[in-house]
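First the structure, in the form of C-alpha cells, and then the observations on it.
Every read-out reported here was derived from the displayed coordinates using simple, explicitly stated rules and does not represent laboratory data. Remember, it's a predicted structure, so these values are computed and weren't measured experimentally. Quick reminder, even Gly has a Cβ in these numbers, built from the backbone with ideal geometry, and neighbours come from all protein chains shown.
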C-alpha cells in the first residue's frame with residue numbers, strides 16, 4: 001500500500017505542478033483576496049483530481065474510452081468558462097480602480113469558490129486518462145481495493161499540498177505587496193486566463 005500511495009502522490013504532483021490556467025487563477029485569487037478564498041479554490045481543484053484518480057482506479061481504460069468522445073465538447077465549455085472568468089476578473093479590477101473596494105464587488109464565499117474550481121478542473125477529461133494509463137502501466141496498483149484507495153489518497157493529498165502552497169504563497173503577496181502591484185498582477189493573471197482560453201480554442 002505504501003508503494004501505491006507514493007505512486008499516487010507522484011502522479012498527483014506531476015499533474016498539479018505544471019503551470020496552467022487553474023494554477024494562475026489560484027495565484028491571482030490569493031493575491032487579490034487572501035488565503036481562505038484561494039485555499040477553497042485549491043481544495044476544489046484537488047478534489048477533482050482525487051475524483052478522477054478514483055474513477056481511473058475503478059473504471060480504468062473502459063472509463064477513459066467513454067470519456068474520450070466528450071473531450072471536444074468539454075473543451076468548448078472550458079474555453080467559454082475561462083473567457084468569462086478572465087473578462088469578469090478584468091472588470092472587477094477596473095471597478096476597483098475607480099475606488100470601489102474589491103470586497104464590495106466580490107464577497108468572500110468559500111463554498112461557491114470551491115464548487116467553481118471543482119467544476120473547472122473536471123472540464124479536463126484528460127486527467128482520468130492520465131491516471132488510468134498510469135494504473136495500467138503499474139499493475140500492482142490495481143490488485144486490490146487497499147492499493148487503489150492508497151493511490152487515490154496519495155494523488156489527492158499531493159494535489160492538495162501543491163494547491164495550498166500556491167494559495168499560501170500568493171496570500172503572503174496579498175498582505176505584503178502594495179495595492180498597485182496587486183492590481184497589476186490581477187490584470188496580468190486575468191489576461192493570462194484569457195490567453196489560455198484562446199490557446200484551447202485554437203486547439204479545437
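The figures follow:
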read-out: Peptides ranked, highest mean first, by Cβ atoms within 10 Å: ranges 184-193, 145-154; value: 145-154, 184-193
read-out: Distance-filtered residues of the range 29-50 - backbone nitrogen under 11 Å, label point 7 angstrom along residue 161 Cα→Cβ; value: none
read-out: Packing rank of 1-14, 155-168, where each peptide gets the mean count of other beta carbons within 10 Å, highest leading; value: 155-168, 1-14
read-out: Spin-label zone in the range 19-58 - amide nitrogen under 13 Å from a point set 7 Å from the Cα of residue 10 along the C-beta vector; value: none
